[in-house]
Amino acid sequence: MTTETSFAAPERSGASLAVRYRPRRFAEVVGQRHVTAVLGRAIATDRLPQQLLLSGGSGLGKTTLARVTAAALLCETPLDQRTNGDACGSCSNCIDITTPGRSHPDVIEFDAASHGGKDEIKAIADRAQLSPMRALRKIYIIDEAHGLSGPGGQAFLKLLEEPPAHVTFMLATTDPQKMLKTNRGRCTEFELLAPSEEELAANLLRVAAGEGWTLSKEAALAVVDASDASLGVRATLMSLEKLAGALDDGEELSAVDVALLLGSTAPAALSELLYRIEIMDPLGSLAALQEARSNSSDGAIRAALIDWARRGLLEAGAQDFTRATWRLSTVLDTPASTGWLELTVARLVTPEPSASTLEVLSTTVTEQVAELRSLLAELATVEIPDTAPVTVESHPSPEPEQPAAAPVIEAPATPEPAAEEPAPTAPVLDEATRLEHFMDEVSRVAPKAAALLRASDLSIDNDVLLVATSEANAKPLKAQAQPVRDAAATLGLTIRLVKRA
């Protein structure tokens, strides 16, 4: 957690709050204690690397932290009179480096995206060899370091590998992956993280106090909620600045007031919407959505739903984890364009498929596939008799002048399968005989299955052997299904298991 400090109220000017309340010391940097503590300690022990890389999202304070580090390095106050290497904030070097509108001759800033060519980097390398003008060190702050061109990055590599003893390079980037690996590998990297809501709210309270505004913690948290989380500290200060008119008039803004003024979702409307979703009330949830829209944009409502679903996932127990995951996925997967917000809410109030339902569906499909495979296997073993002789007898040639045609066709019918034709003897057996033969065959190959069949009711319907059995017998019978099917197939029967009434 960032150390609590109070800002000295800067003089009011046309500059924004983000500029006027820019941190001047490590202790004032919001939410980056994991970085500032290491940098301060390194400065206090004179072990700060000459090549630093500050990475992280926009608005987190990378360039600001580089200036604060530069101030701590060039601070005129002796280290033993400072706290953990932090800048004093009051000497001429600190003021020139950290005060907006002022500059220090030994702190050089440039944007690599627009000044990262090979010739420009070579010019910087030449100037870096010169001694500092005022301080003991010269510091280069390179913003958008991933914008260095290929040749520019190669030219910069030599400088990073062997920097002059009096030079420190501090690179800042939102996308370190785009940097040349050789350049990135020469730097000690510090990744800045998004501050927590509590840290952002505490910073807003400090700024409000510096401006002489009355701001409650509840209202400060509402400002944080209404801000774009991806823009970090800067976004919250920009949101607070929108309230400056009301705060200058001495108004004490509630969370509802903040939501209305900033166009975010009013807490009461959002609570009603979330309540209707929780109790699975489709019509009520859509009505609550329309009510929330009266003071909020669709984007603000969707952002609130994402935050609600995200919190639900983080706080979910083992039993609710699946549902919480499904909720967050549903909100994130639904587009933000017009009309989709209603669909998002409708999906959230529709129960997701439970694991038991999916298991039942899976079992049913598996059984149907097994039956289909069995049927296909039986069809594959059916012999189709040669119908050529029958065709000749049933359709004699009507043309008397072509007597030779019939003998020519009958000639191939000389094979003697006529002796094998008596094969279809099974159909002439009555039902009782076929059942007896079936049970004999099952008893021979699967005695356990035969015992289960004897406890069942057997009947034949159009070459389908119906086995009506109890629920207790059904499962072990299914385990013995293959030998039972094989025995039935010898009699031209297929098996169907039915539940006994």
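Among the residues of the range 474-488, those identified as over 12 Å from residue 442 (Cβ atoms) and of a type in the set (A, V, I, L, M, F, W, C) are 474, 479.
Of the residues screened, residue 98 is one that is hydroxyl-bearing (Ser, Thr, Tyr), surrounded by 16 or more Cβ atoms within 10 Å (Cβ to Cβ) and on the phi < 0 side of the Ramachandran plot. Condition test on residue 296, is it part of a loop (DSSP other than H, G, I, E, B), at pLDDT below 85, under 27 Å from residue 217 (Cα atoms) and touching a Gly at 6+ places or on another chain (Cβ under 9 Å)? So residue 296 fits the description; yes.
Residue 168 meets the conditions (1) closer than 30 Å to residue 227 by Cα; (2) modelled with pLDDT of 90 or more; (3) assigned by TED's automatic domain parsing to the domain that holds residue 92 in every case but one. The failed one is (1).
For residue 363, state whether it is modelled with pLDDT under 85 and surrounded by 18 or more Cβ atoms within 10 Å (Cβ to Cβ). Spell out the reasoning first.
Details: modelled with pLDDT under 85: yes; surrounded by 18 or more Cβ atoms within 10 Å (Cβ to Cβ): no.
In short, no.
Annotation note: of 66, 128, 123, the sole residue that is in contact (Cβ under 8 Å) with a residue 12 or more places away in the chain and either of a type in the set (Phe, Trp, Tyr) or farther than 30 Å from residue 227 by Cα (or both) is 128. Residues of the range 63-85 include at least one that is in contact with a helix residue (DSSP H, G or I) (Cβ under 6 Å, 6 or more places away or on another chain), buried (at least 24 other Cβ atoms within 10 Å of the Cβ) and assigned to a loop (DSSP other than H, G, I, E, B). Inside the range 134-154, residues that are small (Gly, Ala, Ser), crowded, with 24+ Cβ neighbours inside 10 Å and more than 36 Å from the chain's Cα centre (by Cα) make up a count of 0. The strands (runs of 3 or more DSSP E) found entirely in the range 442-501 that carry 2 or more residues being charged (D, E, K, R) and under 50 Å from the mean Cα position of the chain (by Cα) are 494-499. Being in the same structural domain as residue 146 (by TED's automatic domain parsing), surrounded by 14 or more Cβ atoms within 10 Å (Cβ to Cβ) and out of contact with any Lys or Arg (no Cβ under 8 Å at 6 or more places or on another chain) is a property that holds for residue 186. Going by the structure shown, is residue 161 closer than 21 Å to residue 42 by Cβ and modelled with pLDDT under 90? So residue 161 passes the test. Would you call residue 209 buried (at least 18 other Cβ atoms within 10 Å of the Cβ) and not assigned by TED's automatic domain parsing to the domain that holds residue 52? So residue 209 fails the test. Just give me the residues in the range 444-501 being of a type in the set (Lys, Arg) and touching a Leu at 6+ places or on another chain (Cβ under 8 Å), in sequence order. Within the range 444-501, 478, 496 qualify. Any residue in the range 327-337 that is surrounded by fewer than 11 Cβ atoms within 10 Å (Cβ to Cβ) and either at pLDDT below 85 or not assigned by TED's automatic domain parsing to the domain that holds residue 271 (or both)? Yes, some residue in the range 327-337 is surrounded by fewer than 11 Cβ atoms within 10 Å (Cβ to Cβ) and either at pLDDT below 85 or not assigned by TED's automatic domain parsing to the domain that holds residue 271 (or both). Of the helices (runs of 4 or more DSSP H) lying entirely inside the range 87-130, those containing at least 1 residues that are out of contact with any Lys or Arg (no Cβ under 8 Å at 6 or more places or on another chain) and within 20 Å of residue 164 (Cβ to Cβ) are 112-115, 118-128. Filtering the range 212-249 to residues that are in contact (Cβ under 8 Å) with a residue 12 or more places away in the chain, acidic (Asp, Glu) and either assigned by TED's automatic domain parsing to the domain that holds residue 170 or farther than 26 Å from residue 310 by Cβ (or both) leaves 241, 248.
Tally the residues that are more than 18 Å from residue 48 (Cβ to Cβ) and polar (S, T, N, Q), restricting the search to the range 70-109.
Result for the range 70-109: 5.
Checking every residue in the range 163-182 against the condition of being touching a strand residue (DSSP E or B) at 6+ places or on another chain (Cβ under 9 Å) and over 25 Å from residue 35 (Cβ atoms) gives at least one match.
What is the number of the single condition among (1) farther than 23 Å from residue 74 by Cα; (2) over 34 Å from the mean Cα position of the chain (by Cα); (3) of a type in the set (A, V, I, L, M) that residue 194 does not meet? Just one mismatch for residue 194, condition (2).
The values are calculated or read from the model by the stated rules, or taken from the named source; none is laboratory data. What you are looking at is a predicted structure, and each value in this text was computed from that prediction instead of being measured. Backbone-built Cβ (ideal geometry, glycine too); neighbour counts: all protein chains shown.
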